[in-house]
Amino acid sequence: MSHCTSDCRAAIVAAVNHSDQRKTTRKELASRANDGIEVVLLWNSCSSELTVEVRDAGSGDEFTLTVDPSHALDAFHHPFAYAARRGVPYAAAA
């Protein structure tokens, strides 16, 4: 189990009070965009949590997946398959 430093705790408190400060503990590891779909792999330096965020600029649909480090790149490259496998709702492209 990892422990958050006092700096990280301060960042978490700031994030609760100011939602736009929440991104200060997140680092973008990879991103890609194609046909209006943006996929971003993020790492939270306090929690060591990896997430894949997907946004469809055309429809405004979006979803976030928390991923195991051993599957992070696979989830980054195939987020819709991971979302379907986990039952994460997202709107299908028209």
What would the Debye equation give as log₁₀ I(q)/I(0) for the stretch 25-86 at q = 0.14, 0.21, 0.26 Å⁻¹, counting only Cα atoms as equal point scatterers? -0.36, -0.78, -1.12
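Quick one: dipole size for the stretch 25-86, taken about the Cα centre, charges +1 on Lys/Arg Cβ and -1 on Asp/Glu Cβ, in debye to the nearest 20. Don't skip to the answer; put the middle values down first.
Values: 6 positive and 10 negative charges, 31 e Å.
With Lys and Arg at +1 and Asp and Glu at -1, about 160 debye.
Just need the relative contact order of the stretch 25-86 here, percent rounded to a whole number, with Cα pairs under 8 Å and 6+ apart. Write out the running numbers ahead of the final one.
Numbers: 103 pairs, mean separation 14.8, N = 62.
After rounding, I find 24 percent.
Each value in this text was obtained by applying a stated rule to the coordinates, not by laboratory testing. These numbers were taken from a predicted model, which means no experiment stands behind them. Note that each Cβ is placed from the backbone with ideal geometry, even for glycine, and that neighbours are counted across all protein chains shown.
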